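The values are calculated or read from the model by the stated rules, or taken from the named source; none is laboratory data. Predicted model only: the values in this text are computed from it and were never measured. Note that we place each Cβ from the backbone using ideal geometry, even for glycine, and neighbour counts take in every protein chain shown.
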Amino acid sequence: MKKWIPWIAVLVMAGWVISTLSPGHPSAYRIREFGKLPVLLNGRVQPFDSMARNALLQIRGRQTVPATNGTLSATEWLLEAMTKAEEADGRKVFRVDNGELLALLKLPENQKYYAFNDLTNGLAELDREGKRIGEIEQANRTVFEKQLMMLFNKLALYHRLKNVLQYEGAQSFGQELEDYVKVIPAGVQAEKARSENKPYDKAAFDKLISYLSHYDFMNRLSYAMILPPSEPGQGRDKWSGAGQHLMDVVHGGELHPVMRYYANIATSFERNDPAEFAKSVVEYRVWMEQRGLTAELAKGSREFRYNDLQAFYKALVIYVLALVLACLSWINGAETLRRSSYYLIVLALILHTVGIIFRMVLEGRPPVTNLYSSAVFIGWGAAVLGLILERMFKDGIGCVAASAIGFTTLIIAHHLSLGGDTMEMLRAVLDTNFWLATHVVTVTLGYSATFMAGFLAILYIIRGVLTRTLTTETAQALTRMVYGILCFALLFSFVGTVLGGIWADQSWGRFWGWDPKENGALIIVLWNAAILHARWSGVVRERGLMNMAIFGNIVTSFSWFGVNMLGIGLHSYGFMDAAFFWLMAFIASQLALIGLGCLPLSRWMSFRDAPRPTP
Amino acid sequence: MIDRIKYRGVLTPLLGLCFALGCQRSEVGTYVVPKEDATRTLASAPAAGGADMNAGAGQPVVRWTLPAGWFERQGDPMRVGSFAVTNAAGNSADVSVIPLAGTGGNDLGNVNRWRGQVGLEPITDQELAGLWEKAELGGLSARLVDLVGKGEKPESSPHMLAAMTTSGNTTWFFKMVGEKDLVAEQKPAFLAFLKSVQFTSGEPAVATGGAGALPAGHPPLEGAGAPTAAGLPAGHPPLDAGAGAAKALAPMGEAVSGSAPAVGNATTGVTLPVGWAQQPPKPMQSSRYVIKDGGHEAEVSVTELDGDAGGPLANVNRWRGQIGLGQFSQDDFAKIATSLEVGGTKATLVDLVNEAQHKRLVAVILPREGKTVFYKLVGEAALAQGQKEAFVKFIQAAK
Amino acid sequence: MIRSVFDSLASLKLTIGLLCAGTVLVFAGTLAQVDMGLYAAQNAYFRSLLVYWGPQGATWKIPILPGGYLVGSLMVLNLTASLIKTFEFSRAHFGLMLSHGGVILLLIGQLATDMLAVESHMRLGQGRPSNYSENGRDNELVLVDITDPKQDKVVSIPEGRLAQGGRITDSGMPFTLRVLEYQRNSTVGFQMGGGGGSVTNGVAAFLRFQKEAPVTKLEARDIPAAAIEVLNGEKSVGAWWVSGWVEEAQLAQSIANQAGPAVKRLLEQPQTFQSGGRTWRIALRPMRFYKPFSLELVKFTHKKYSGTEIPKDFSSRVRLRRPDTGESREVLIYMNNPLRYAGETFYQSGYDENDPSITILQVVRNPGWLTPYLACGLVSVGLVYHFIMHLLNFTALRRKR
């Protein structure tokens, strides 16, 4: 029986993963189908679903909104905001934590999330403060000011979302569009006459003006381009925003057929008419297929499935479970628990890999393109290394390492995704070529390995100082692991750094530019080399090796994360304030562990009675 | 022994290399290159007035005259203009010109923000009404506040002059901030600077004010969605403008269709008459235009000279000589000279014709502070006569 | 004695010390870049023998860290010495020997690059051929003999020499120069009728230059100015203010925009003087590197991702013309695809936000460019070899258990 338990554990978790994939009760609204429809945003074709999830992550920090009868998916929330703004304004989606900010906006302090309606009183304040703070350089802003700007940006984003399909407050948009098209000739005549000081049709003129001012407003707020090119042969990237198009129509253009579909979708959602809604969604898809825009449709569907899978979130959960089981297996020595942990990590790693490959297919790029994907990849590399170690040593250490690093990096990745689209387009100079692709992968694996060595060293210190479980055999095993992984780390970080230099040489003629990110990679190489040379020469022994490896964690975290906070040089993308605090906390924790490791060996719990191994 | 040789053998060339290469850095070099023309033509009609090397795309079209002692500096992307003024004590003041979309926020908010920047308490609306001074900015009336603040030391309090005006879709902020006495001393220069500003044709593209995610031209969050009153949205071109070619928010100043395209001439800030083509000026001229019509040609030139440049008679006689006519006496001159009103000043106009050679020269002599400006229209007689009216209008409209 | 010095040079402890020192140095240098700017920090930390520090406002400085050159050259010596000392042909050591040899090659190659490489850029406007590239950070004072109608003889004095001040003589100039004032970075203002002082020729009649603190931001650069007096023996031919403000088209344009037509006209003319029957021009400009060929921009394409400002790709089609061989052909330069010609490489580097008909190419001359490739190869082969040997031993040991 015992030997089946690991398999059962895997089956249960796999079952959980699969169960979350099915759509549940089929929504009458075909919301999922709508979610797959493509738009052009941030320079790339993505489904409404991605736009909704990313926006909601930025505003609320979650991908769903709680409602009285369940939860709203991101797309449902988006549809509501786009067509039934009054209802959406009542949903508590805006996250505000800062006390001063709550006071400024006169908001009650006992909640985490606020609705747009709660914030309307403070809009004037926000506007004014936002302008004032906008003139201050980012580095000089106080915490309050940064939080205010974040809320300001969230409101601006929300505002823009509300005007993607139709302008905020529009009713029966489809009908209005038909009216608009009809009144254009008369209105244009009237304007011409008016400008020549002749008698003109005031009614037609006023009507046209009022339409135009709404569409102008839509155009200024333009966020995503929802109308695909009506002649794809002349340029597949010539999408347009709804507002922009409607403004162009007045100069004698045809109303885009897709505009009618969307108008109908908006109106039918507003009126709770699922049949009409579904009909327009399907008709639109057919229209795209007929025009040969199948690639865009496919991209929308594919990315929708990627979002739905939530591979990294699920892998994270399984890693946590595996970590618990592996730690338990140390406590009671049960082989079953260890094997269950091992199998679960394999399952998590499969999900992890599927997620990475899916991203590569969607982006058409190597697995590491920005900080988010590097975090994911570091976790993947560490998990693979951990599994290999587990297979060789079979003592649970590999499992603990793999699952711990796996889930930590995925949490970091999740927090990075709160900043917006993680699949944004990259600048031209980062176009894929062989050197760049190999450089990012190799260097990231080098980071993985250095973190892995550092984690194993932490295990050594904690188990040695605080428990009796650091037997000679375990100590020797850990030492060999750390040493072997450091060799691997040195190889990969050195080769990765040099590949990066070669890529730079090919791209702008300078192999080494002392850019902060380059410097960070160099520091890792130097430190890894220092550890190994110190070990070879006997300057340090086991305990010293472990301490130096933990210091390697500090070096790597600075190089991977810290350089982005310096905000200079060619590698600086994005700022992270909360991240700075966590980085400092992490460094402090590592220093504390090194301090622990420096305690005289006689004080180590594992070495008190037993004959001491060579320190 | 062998080690020693190996050791030295490696070290010496390395050091030698370092020395040889290191010394090459600060040597004078001589070489020969093919002939280069070091003269250049600088545009007198800037596409981006007052911009420096940090000018971003689509800078507003504005010009001014810098007072003496004001230094141009490299500004940041938000500023259209950035200057520094220093005094003997080593204090300096910073002057900035920043356009913002729409109304740029409400007045009370702006003033209280500025008050905060110099360490003063905010005020109420009623108090604000009494604080405004009137100033002239770019031909428009502007509002100015003069704020003396509280610094750490009473002698070095911060002093701010801030002026704002709205032109078209944009509100312009002109600010001077510096040490109390320096700014007080510079206030007249600042006011003169404001007066010298010219907003020329062309709708300025606007700095987004760094306001996070708000796109350019985003109305303030509280003012969402209110449709504008009767009339096209500000800056909207006529609806039938061109066969779909005009961009929807093109500047009002562009006439897209029609027979006589008016081209903005930013030197004088006025419209050039039809048929006048601007040409690089000849030596001594400040600007030059050529008019061609059916094989005949005429030229208009503008020249500035110090003082009275010899007096009107001497110049008129010079011109008479240029078109092959005899010399005038003072009386002859008095007979043909007519007076012309140009911007509040009396100018002298002469119309000289050489019938035999079909040459005509129409000139206007305009005295200015310490200088004289000469406007000359010379060329084929009939053509020049036809252009005389446009010529006069051009002079009267120029500043 | 030599033996013990040699032994210390070859010692492993020195290696560890140098590696640790390197780590600290690179870390400190990276942090310093925030305040000092990339360029200044590079020079202070990595292109120096020692890193100095002095308290704010004091005139004294003490060395606190070894600089990049010192650590680098000690590493080369240490590696070389240890290689020589432990040299043996054995399978076990082969991998490591190879790797360390590669590292030596890398370090020497980077040193050579640092000393020998020249980087500059070319700003090409459509239809305007150019036969030189410029270095934005280093400027030169040039005295150009323009008497000959067919060619110009240029005497180029590097900015560093101006900073030293005093008198400058050279066989290429029949006169002596005296540096009256030098400003690494300057601002310019109007002072009609001269700003006072002894220099009133040329642009000094209406412009006044004032010293400004050097820039630290990455995108900004210093605009220098200098007052130079020309002396024939002891007799003064004249004195002029020269500056990038006057010499560079965009900067001159920004001054002309705010001044009257008289100023504009003066700015359009070069500053010249006569000496010994010949006409000379004087100017302070970004350092130029002339080439025996010219490049002319035929077409510049710049695409952004739809609806964003993110550059998607940009490419320049240029025509290369070489008068002495009659060569004339078109080349396409785009991201990751440079033009390699006459020992220099031309990369598509950037564009002008304001003017879409301008392309900016980065020009690099680096004779040591091959060394990193060779070095990387050596080190990788060596490390992989060593790693595999280790792995084989390790698994053999485990199998024995």
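How many residues are touching a Lys or Arg at 6+ places or on another chain (Cβ under 7 Å) and within 23 Å of A:I502 (Cα to Cα) when one looks only at region A:513-568?
As a first pass, look at region A:513-568 and keep what is touching a Lys or Arg at 6+ places or on another chain (Cβ under 7 Å): A:537, A:539, A:545, A:563.
Add one more test, that the residue is within 23 Å of A:I502 (Cα to Cα), and what stays is A:563.
Residues flagged as touching a Lys or Arg at 6+ places or on another chain (Cβ under 7 Å) and within 23 Å of A:I502 (Cα to Cα) within region A:513-568 amount to 1.
How about region C:312-334: which of its residues are surrounded by fewer than 19 Cβ atoms within 10 Å (Cβ to Cβ) and either basic (K, R) or in contact with a His (Cβ under 7 Å, 6 or more places away or on another chain) (or both)?
C:K312, C:R317, C:R319, C:R321, C:R322, C:R329
Which one of A:Q234, A:Q244 is farther than 22 Å from A:T83 by Cα, polar (S, T, N, Q) and without any contact (Cβ under 8 Å) to a residue 40 or more places away in the chain?
Selected residue: A:Q234, the only one of A:Q234, A:Q244 that is farther than 22 Å from A:T83 by Cα, polar (S, T, N, Q) and without any contact (Cβ under 8 Å) to a residue 40 or more places away in the chain.
Residue by residue through region C:108-152, note down the ones that are farther than 23 Å from C:W280 by Cβ, out of contact with any Leu (no Cβ under 9 Å at 6 or more places or on another chain) and surrounded by fewer than 16 Cβ atoms within 10 Å (Cβ to Cβ).
C:V118, C:G136, C:R137
Give the number of residues within region A:253-276 that are more than 22 Å from A:G241 (Cβ to Cβ) and either assigned to a helix (DSSP H, G or I) or in contact with a Cys (Cβ under 8 Å, 6 or more places away or on another chain) (or both). Walk me through it before giving the result.
First, the residues of region A:253-276 that are more than 22 Å from A:G241 (Cβ to Cβ): A:271-276.
Then keep just the ones that are either assigned to a helix (DSSP H, G or I) or in contact with a Cys (Cβ under 8 Å, 6 or more places away or on another chain) (or both); that gives A:274-276.
So the answer is 3.
Counting just the residues of region B:366-399 that are among the basic types (K, R) and part of a helix (DSSP H, G or I), which one comes out surrounded by the fewest Cβ atoms within 10 Å (Cβ to Cβ)?
Across region B:366-399, the extreme among qualifying residues is B:K393.
Filter region C:213-233 down to the residues that are at pLDDT 85 or above and acidic (D, E), then identify the one that is nearest to C:I255 (Cα to Cα).
Here the answer is C:D222.
Any idea how many residues of region A:428-460 are buried (at least 24 other Cβ atoms within 10 Å of the Cβ) and at pLDDT below 90?
Total satisfying the criteria: 1.
Within the set of pairs 6+ apart or on separate chains, which have a first residue in region A:200-229 that is under 30 Å from A:V281 (Cβ atoms) and touching a residue at least 40 places away in the same chain (Cβ under 8 Å), a second that is assigned to a helix (DSSP H, G or I) and hydroxyl-bearing (S, T, Y), and C-beta atoms under 8 Å apart?
Listed pairs, sorted by first residue: A:I226/A:Y262.
Across region C:279-320, what is the number of residues that are more than 30 Å from C:L162 (Cβ to Cβ) and of a type in the set (S, T, Y)?
6
Which residues, taken from region B:170-186, are under 17 Å from B:A135 (Cβ atoms) and touching a residue at least 40 places away in the same chain (Cβ under 8 Å)?
B:T171, B:W172, B:F173, B:F174, B:K175, B:M176, B:V177, B:V183, B:Q186 - these are the residues of region B:170-186 that are under 17 Å from B:A135 (Cβ atoms) and touching a residue at least 40 places away in the same chain (Cβ under 8 Å).
Return the residue satisfying two criteria in turn: it lies in region C:37-54 and is facing chain A (nearest Cβ under 10 Å) and in contact (Cβ under 8 Å) with a residue 24 or more places away in the chain, and of such residues it is nearest to C:T23 (Cα to Cα).
By that ranking, first place goes to C:R47.
Looking at region C:382-398, which of its residues are surrounded by 15 or more Cβ atoms within 10 Å (Cβ to Cβ) and among the hydrophobic types (A, V, I, L, M, F, W, C)?
Result: C:L383, C:V384, C:F387, C:M389.
Condition check: without any contact (Cβ under 8 Å) to a residue 24 or more places away in the chain and assigned to a helix (DSSP H, G or I). Does C:R398 satisfy that?
When the stated conditions are applied, C:R398 passes them.
With region C:265-331 as the region, which strands (runs of 3 or more DSSP E) entirely inside it contain at least 3 residues that are within 14 Å of chain A (Cβ to nearest Cβ) and more than 19 Å from C:Y132 (Cβ to Cβ)?
Qualifying strands (runs of 3 or more DSSP E): C:278-304, C:311-322.
Looking at region A:416-430 only, could you name the residues that are part of a helix (DSSP H, G or I) and either β-branched (V, I, T) or within 16 Å of A:F586 (Cα to Cα) (or both)?
Step one: of region A:416-430, the residues part of a helix (DSSP H, G or I) are A:416-417, A:428-430.
A:V429 - this is the single residue of region A:416-430 that is part of a helix (DSSP H, G or I) and either β-branched (V, I, T) or within 16 Å of A:F586 (Cα to Cα) (or both).
Do the conditions hold for A:G501, that is, is it in the same structural domain as A:Y447 (by TED's automatic domain parsing), buried (at least 22 other Cβ atoms within 10 Å of the Cβ) and within 19 Å of C:I16 (Cα to Cα)? Spell out how you get there, then give the answer.
Values: in the same structural domain as A:Y447 (by TED's automatic domain parsing): yes; buried (at least 22 other Cβ atoms within 10 Å of the Cβ): yes; within 19 Å of C:I16 (Cα to Cα): no.
Taking the combined requirement at face value, the residue does not satisfy it.
Hey, among A:R260, A:R236, which residue is modelled with pLDDT of 90 or more and basic (K, R)? Write out each step before concluding.
Numbers: A:R236 fails: modelled with pLDDT of 90 or more.
Of A:R260, A:R236, the one residue that is modelled with pLDDT of 90 or more and basic (K, R) is A:R260.
Considering only residues that are touching a strand residue (DSSP E or B) at 6+ places or on another chain (Cβ under 6 Å) and surrounded by fewer than 17 Cβ atoms within 10 Å (Cβ to Cβ), look in region C:344-378 and name the one that is farthest from the other protein chains (Cβ to nearest Cβ).
Restricting to residues being touching a strand residue (DSSP E or B) at 6+ places or on another chain (Cβ under 6 Å) and surrounded by fewer than 17 Cβ atoms within 10 Å (Cβ to Cβ), the top hit is C:S357.
Kindly list the number of the only condition in (1) in contact (Cβ under 8 Å) with a residue 40 or more places away in the chain; (2) in a helix (DSSP H, G or I) that fails for A:R365.
Result: A:R365 passes all but (2).
Could you check region A:1-91 for helices (runs of 4 or more DSSP H) lying wholly inside it with 1 or more residues that are surrounded by fewer than 23 Cβ atoms within 10 Å (Cβ to Cβ) and among the acidic types (D, E)?
Per the criteria, A:31-36, A:74-83, A:85-88.
Could you list, in sequence order, all residues of region A:309-325 that are closer than 15 Å to A:R339 by Cα and out of contact with any Phe, Trp or Tyr (no Cβ under 7 Å at 6 or more places or on another chain)?
A:I318, A:L321, A:A322, A:V324, A:L325
Could you please give the count of residues in region C:348-397 that are hydrophobic (A, V, I, L, M, F, W, C), under 30 Å from C:Q126 (Cβ atoms) and out of contact with any helix residue (DSSP H, G or I) (no Cβ under 9 Å at 6 or more places or on another chain)?
Residues of region C:348-397 that are hydrophobic (A, V, I, L, M, F, W, C), as a first pass: C:358, C:360-361, C:363-364, C:369-370, C:374-376, C:378-379, C:381, C:383-384, C:387-389, C:391-392, C:394, C:396-397.
Now narrow it down to the ones that are under 30 Å from C:Q126 (Cβ atoms): C:358, C:360-361, C:363-364.
Then keep just the ones that are out of contact with any helix residue (DSSP H, G or I) (no Cβ under 9 Å at 6 or more places or on another chain); that gives C:358, C:360-361, C:363.
Count: 4.
Which condition number in (1) touching a Pro at 6+ places or on another chain (Cβ under 9 Å); (2) within 12 Å of chain B (Cβ to nearest Cβ); (3) within 30 Å of C:Q42 (Cα to Cα) is the one that C:A220 fails?
Among (1) touching a Pro at 6+ places or on another chain (Cβ under 9 Å); (2) within 12 Å of chain B (Cβ to nearest Cβ); (3) within 30 Å of C:Q42 (Cα to Cα), the lone unmet condition for C:A220 is (1).
Suppose we keep only residues that are of a type in the set (G, A, S), surrounded by fewer than 19 Cβ atoms within 10 Å (Cβ to Cβ) and touching a Pro at 6+ places or on another chain (Cβ under 9 Å) within region A:223-244. Which one would you say is farthest from the other protein chains (Cβ to nearest Cβ)? Step through it out loud before you land on a result.
Here is the first cut: in region A:223-244, the residues of a type in the set (G, A, S) are A:224, A:230, A:233, A:235, A:240-243.
Remaining after also requiring surrounded by fewer than 19 Cβ atoms within 10 Å (Cβ to Cβ): A:230, A:233, A:235.
Right, trim to touching a Pro at 6+ places or on another chain (Cβ under 9 Å) and you get A:230, A:235.
Working: A:S230: 14, A:G235: 9 Å.
Looking at the filtered set, the residue picked out is A:S230.
Select from region C:226-259 the residues that are hydrophobic (A, V, I, L, M, F, W, C) and within 12 Å of chain B (Cβ to nearest Cβ) and write down the one among them that is nearest to B:V197 (Cα to Cα).
C:A259
Can you tell which of B:A93, B:A55 is at pLDDT 80 or above, within 14 Å of chain C (Cβ to nearest Cβ) and surrounded by 17 or more Cβ atoms within 10 Å (Cβ to Cβ)?
The conditions single out B:A93.
Need the failing condition index for B:Q186 against (1) surrounded by 19 or more Cβ atoms within 10 Å (Cβ to Cβ); (2) within 21 Å of A:G134 (Cα to Cα), just the number.
Just one mismatch for B:Q186, condition (2).
Given region C:90-196, what strands (runs of 3 or more DSSP E) lie entirely inside it while holding 2 or more residues that are at the interface with another protein chain (Cβ under 10 Å from one of its Cβ atoms)?
In region C:90-196, the matching strands (runs of 3 or more DSSP E) lie at C:130-145, C:151-158, C:186-190.
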